[in-house]
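A short write-up of the structure that comes next.
The values are calculated or read from the model by the stated rules, or taken from the named source; none is laboratory data. Treat the numbers as computed from the prediction; the structure is a model and nothing was measured. Positions of Cβ are generated from backbone atoms using ideal geometry, with glycine treated the same way; all protein chains shown enter the neighbour counts. Each accessible area value is taken on the protein alone, full model and side chains, heavy atoms only, with ligands, DNA and RNA left out. Shrake-Rupley method; radii C 1.70, N 1.55, O 1.52, S 1.80 Å.
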Amino acid sequence: MAYPFDCISDFMFFETALEQADVILVPGGSQPQLMERAAELYHRGFAPYILPSGGSTLKVTTTEWEYLRDIGIQLGVPSEAILKEDTATDT
């Protein structure tokens, strides 16, 4: 082991094979990358729904859910495929 904490990185950063799912969960946030990836997986047929999560924060002018929903719609995900959870907070 080159560095004493490599074992932590090995534990935290791993990849698993993608499988079919009922829903793709997108944790709330103000960065678009997770929703962009969720939209890609949706279009590839991995799940029929995307569930972005997130309430109001100082980082976006709407709720995180609305911010992420809008990104999904811009990327061609139908609004009826985007489930709603807009009450989660980081506290």
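Restricting attention to segment 51-91, which residues are open to solvent by less than 30 Å² (accessible area, probe 1.4 Å), touching a Gly at 6+ places or on another chain (Cβ under 8 Å) and either farther than 17 Å from Leu41 by Cα or not aliphatic (A, V, I, L, M) (or both)?
Correct list: Pro52, Ser53, Gly54, Gly55, Thr63, Glu64, Trp65.
Taking segment 71-91, which residues are free of Cβ contacts under 8 Å to residues at least 12 places away in the same chain and either among the charged types (D, E, K, R) or under 13 Å from Val26 (Cβ atoms) (or both)?
Glu80
Only one residue in Pro52, Pro48 is in contact with a helix residue (DSSP H, G or I) (Cβ under 8 Å, 6 or more places away or on another chain), modelled with pLDDT of 90 or more and part of a loop (DSSP other than H, G, I, E, B), so which one is that?
Just one listed residue meets the conditions, Pro48.
Take the residues in segment 55-70 that are part of a helix (DSSP H, G or I) and without any contact (Cβ under 8 Å) to a residue 24 or more places away in the chain, then tell me which one is nearest to Thr89 (Cα to Cα).
Filtering segment 55-70 for residues that are part of a helix (DSSP H, G or I) and without any contact (Cβ under 8 Å) to a residue 24 or more places away in the chain, the one nearest to Thr89 (Cα to Cα) comes out as Glu66.
May I ask you to list the residues in segment 1-27 that are assigned to a loop (DSSP other than H, G, I, E, B) and modelled with pLDDT of 85 or more?
Ala17, Leu18, Glu19, Gln20, Ala21, Asp22, Val23, Pro27
Glu64 versus (1) in contact with an Asp or Glu (Cβ under 7 Å, 6 or more places away or on another chain); (2) within 15 Å of Gln33 (Cα to Cα): which is the lone unmet condition?
Glu64 satisfies every listed condition except (1).
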